[in-house]
Structure formats: structure tokens, C-alpha cells
Amino acid sequence: MRRLILFVFFSAFSFLTYGQNFVTEDGKAVFTSKAPLNEFEGVSQKLHGLIDLDKNLVDFYLDLNTLDTGIGLRDRHMRENYLETDKYPFAEFTGKMLTVPDLDSGDWVAVEVEGIFKIHGKEKQIRIPGMLKKEEKGLVKLQADFEVLLGDFDIEIPKLVFYELAEKQLVHIEADLKLQN
């Protein structure tokens, strides 16, 4: 139901606004856990997002059930025991760029966004550095990296797996956003 509500919101929002709106439904999100005894990644190709340059709005969400670490049992434990995706299925970010860039040069431009990151039912104000590049035919490329501390979002790591799951998760996102008409 929540997925339907978010889809309706993005569709209605995109329909009501004009100008430089860029959207994606198949961006990539990767988290990396570097614990003392274990390092692994989780990947999803289902990052949804919107960048509205006219209104300076950046809005992304990810269905956490689409994350894949390559090991089914680990995925199930991650969803059931840590992320609790039955109650909190999405990670979300909504914010604004500190300075709206001029993307007409076709070069990569450094940007920084500030806003609210929400996961596991908890919210935190964060800043995320990233890069944007406008290409031909209304395409904008996005890359960004940031860190998430699990404790900031009440995601507890049991002492038994402390050496296998890092408190600090490194997050990398990339997306090709298309001009929304």
C-alpha cells in the first residue's frame, strides 16, 4: 500500500510541476559493510528518485526488500532481524541542494544536498555530497556517497555478529535521471 501511495505522490507531483524535473525508477544503490571479520555488499537496481532543479527538490526512496547481498539466508536475516522490512520497507531521503548547479556545461558538477534521511522508522538530518552531469536528450547522471550509522536509526547489532556486521555502512548511489515532461 505504501508503495502505491509513493507512486501516486511522485506521479501527481511530476504532473503538476513543469520545468527541469528529472526522474529515475531504476537507479542503483549499494551499501558496503566492512566489519573486522566480514565485508560484503548489498545491491539494488530499484532506486526511485526525483531532482527538480526549478524548485530545488531532491527526493529518493528505495524498497529495502530489493537489496541483494548474494546470500539468501543473509538477505532474510537482514530484512527480518535488522531492517524489519515488514514494518519499515523503505529508505527515503528528501532535501534541497545547498546551491542549485548550472548543468549546461556538460561537465560533472559537485553538489551537496541537505535533508532528512529516514530508515527503520527513524529520521535524521544529513548532508550528502554528490556529482551531477547533464548529457544529451535530457539525461542527468547522478553519483553520491555517504555513510549511515546503524545506531542512529535504532538498528541494533547483536554482540554475536559484531565482528561480521559493521556499525558504519557505506552507501553509494548512481542513477540516470530522465527529463520528465
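Coordinate-derived values only; no laboratory data. Just so it is clear, the structure is predicted and the values come from calculations on it, not from any experiment. All Cβ positions, even for glycine, are placed from backbone atoms using ideal geometry, and neighbour counts span all protein chains on display.
General remarks:
- For ALA144, net neighbour charge (Lys/Arg +1, Asp/Glu -1) across residues whose Cβ lies under 14 Å away: -3
- Counting only alpha carbon atoms, the long axis of helix 2-16 and the longest principal axis of the chain meet at about 10°.
- In summary, the lysines within cross-link reach of LYS133, defined as a Cα separation below 21 angstrom excluding same-chain residues under 8 places away, comprise LYS28, LYS46, LYS55, LYS96, LYS141, LYS178.
- Size descriptor for the stretch 91-181, Kirkwood hydrodynamic radius: 15.0 Å (Cα pairs only, one decimal).
- Along principal axes, Cα extents of the stretch 67-107, largest first, whole Å: 47, 23, 11
- Gain on full stretching of the segment that runs from ARG74 to GLU39 - 0.36 nm per residue minus C-alpha separation: 11.3 nm
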